[in-house]
Amino acid sequence: MTTPTTLKLERLSVRYGAIEAVRDVSIDVRQGEIVTIIGANGAGKSSLLKCIAGLEPAASGRVLVQGQDVTGLPAHKRLRLGTTLSPEGRGVFSDQSVLDNLLLGAYSLKATPAEIDRLVDNGFELFPRLRERKDQMAGTLSGGEQQMLAMARALMSRPRLLLLDEPSLGLAPLIIRDIFRSIRALREAGLTILLVEQMANQALAISDRAYVLETGRITLEGSGAELLASPAIRASYLGVAL
Ligand code: ATP
């Protein structure tokens, strides 16, 4: 039996005026996979995720989620259908508490208070540091804690497909290790994850499959292990000299 496809992009393009940030990208993410897109600064990674989430329009091509064409749908409808973006830069509300940030993540959900409590609890189980800091203003959290909060908040909408934009950005190696451990735990709990990363080492190590994005185009694809072993990838994205 083949695993169902959660996300399918068909020749998707994103344009900003004359700039074609994403060009004819076709990728698949199957249910329960972690798929990573690696690419340098400006390769189009964030534009691609925003377009999947409905925050940037597609110039051409299609976005299919569980077989449904969502290309024309606004972001809040895609959220309800199970696609959630944890954005680059985290986007936490600095002057709101950790708990309030989490509750905002469940805003669009038709959930009972008991369900919302359970979702908050799940977030605290995944990131115990957040429980200790639940009344602290989000703006006073460390960078790593803010990343944990951004992910926990994204999970409050009960996604089926989680889009993670550079979760390791600006974080210290030990915190990055924790974040990647949590991403793997989410996959083990059944979530499907599309991850975007510039520093690809840990991302490829936990990925089932990966794609390389260069100036808006997919130039290479393979299993995480294959790309980790590729000399060209090692030289360009893993900081390893050939
Ligand atoms: P980074 O890793 O630096 O975040 P990225 O791979 O996520 O980069 P994008 O942010 O998607 O890349 O940017 C792709 C291209 O689109 C860049 O040339 C960028 O300048 C351009 N771009 C992104 N957002 C906009 C916008 N709102 N208006 C105009 N151009 C944009």
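Structural remarks
- Scanning region 160-190 for residues that are under 15 Å from residue 79 (Cα atoms) and crowded, with 21+ Cβ neighbours inside 10 Å turns up 161, 162, 163, 164.
- Screening region 1-115 for helices (runs of 4 or more DSSP H) wholly inside it with 2 or more residues that are surrounded by 17 or more Cβ atoms within 10 Å (Cβ to Cβ) and among the basic types (Lys, Arg) returns the ranges 45-53.
- Condition met for residue 203 (assigned to a helix (DSSP H, G or I), closer than 20 Å to residue 119 by Cβ and either within 16 Å of the ligand (Cβ to nearest atom) or modelled with pLDDT of 95 or more (or both)): no
- Of the residues contained in region 139-150, one or more are found to be open to solvent by less than 20 Å² (accessible area, probe 1.4 Å), of a type in the set (A, V, I, L, M) and within 12 Å of the chain's Cα centre (by Cα).
- Restricted to region 48-75, and to residues there that are touching an Asp or Glu at 6+ places or on another chain (Cβ under 6 Å), in contact (Cβ under 8 Å) with a residue 40 or more places away in the chain and within 16 Å of the ligand (Cβ to nearest atom), the residue that is farthest from residue 193 (Cα to Cα) is 61.
- Of the set (1) out of contact with any helix residue (DSSP H, G or I) (no Cβ under 7 Å at 6 or more places or on another chain); (2) surrounded by fewer than 16 Cβ atoms within 10 Å (Cβ to Cβ); (3) hydrophobic (A, V, I, L, M, F, W, C), all apply to residue 218 but (2).
- With respect to (1) in contact (Cβ under 8 Å) with a residue 12 or more places away in the chain; (2) within 14 Å of the ligand (Cβ to nearest atom), the lone exception for residue 9 is condition (2).
- Pairs where the first residue, in region 111-135, is in the same structural domain as residue 96 (by TED's automatic domain parsing) and the second is β-branched (Val, Ile, Thr), C-beta under 8 Å, 6+ apart: 130/98; 133/98; 134/98; 135/98
- Any hit, region 33-51, residues being at pLDDT 95 or above and more than 21 Å from residue 166 (Cβ to Cβ): no
The values are calculated or read from the model by the stated rules, or taken from the named source; none is laboratory data. Since the structure is predicted, the reported quantities are computational estimates derived from the model, not experimental observations. With ideal geometry, Cβ positions are generated from the backbone for all residues, glycine too; neighbour counts draw on all protein chains shown. When the accessible area is computed, the model is the full protein with side chains, heavy atoms only, and any ligands, DNA or RNA have been set aside. Shrake-Rupley method; radii C 1.70, N 1.55, O 1.52, S 1.80 Å.
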